[in-house]
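Trainee: Attaching a single structure in structure tokens format; questions to follow.
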Amino acid sequence: MTTERDPRHVNSETPPPSPHERLYRRERRSVPAARAFAREALADWGGCGRADDVLLCVSELATNALLYGVPPGRGFLLRLWPLPGGGGVRVEVHDSGDGVPAVPLESGGSDEGGRGLLLVSELADKWGVTEREPGKVVWFECGVLAD
């Protein structure tokens, strides 16, 4: 597991080939919709041996975007694409909220929340945060798409 802070500005990057992306409103049903969209994208690319990991991470990042990153009246963008050579998938959740998310220092306690980024940090090969104006992009990568 690697955690990175990507210094590149998102809007200055050349988008990779064949991204799948969709905008979601600030509402609870957006999380299962984002997960279903990610499942469809993985199927379009021929499946994924780590689909369960990818889908759980998508759920966690979408939930975090709704709870902490999306101001009222706004939404978030989910973007997925295969990594070069069929070596995995990159997933980004773009929101317009302030702050930089971080893995909690302690994972104990009985709180139901606060474990999303901890799960992402354990399941993904790499994850990080990229600044954008306004807001940020929280992203992760998981290797090995094909079963």
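The values are calculated or read from the model by the stated rules, or taken from the named source; none is laboratory data. Quick caveat, the model's predicted, so the values are computed rather than measured. Cβ sites come from the backbone with ideal geometry, for glycine too, and all protein chains shown count toward neighbours. Just so you know, the surface numbers come from the protein's heavy atoms only, side chains and all, with ligands and any DNA or RNA stripped out. Shrake-Rupley method; radii C 1.70, N 1.55, O 1.52, S 1.80 Å.
Trainee: Taking the stretch 123-146 as the search range and keeping residues that are touching a helix residue (DSSP H, G or I) at 6+ places or on another chain (Cβ under 9 Å) and either assigned to a loop (DSSP other than H, G, I, E, B) or surrounded by fewer than 16 Cβ atoms within 10 Å (Cβ to Cβ) (or both), which one is modelled with the lowest pLDDT?
Mentor: Here the answer is A146.
The rows are residues; the columns are (1) at pLDDT 95 or above; (2) out of contact with any Asp or Glu (no Cβ under 9 Å at 6 or more places or on another chain).
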site: L23; (1), (2): yes, yes
site: L55; (1), (2): yes, yes
site: N64; (1), (2): no, no
site: R79; (1), (2): yes, no
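Trainee: To continue, here is another question. Does V100 satisfy being of a type in the set (A, V, I, L, M), open to solvent by 40 Å² or more (accessible area, probe 1.4 Å) and either within 17 Å of V31 (Cα to Cα) or more than 11 Å from the chain's Cα centre (by Cα) (or both)?
Mentor: Judged against the criteria, V100 is a match.
Trainee: Here are E40, E60, E27: which of them is touching a His at 6+ places or on another chain (Cβ under 9 Å) and of a type in the set (D, E, K, R)?
Mentor: The match here is E40.
Trainee: Another one. Restricting to the stretch 63-80, count the residues that are farther than 17 Å from V103 by Cβ, in contact with a strand residue (DSSP E or B) (Cβ under 6 Å, 6 or more places away or on another chain) and open to solvent by less than 40 Å² (accessible area, probe 1.4 Å).
Mentor: Result for the stretch 63-80: 6.
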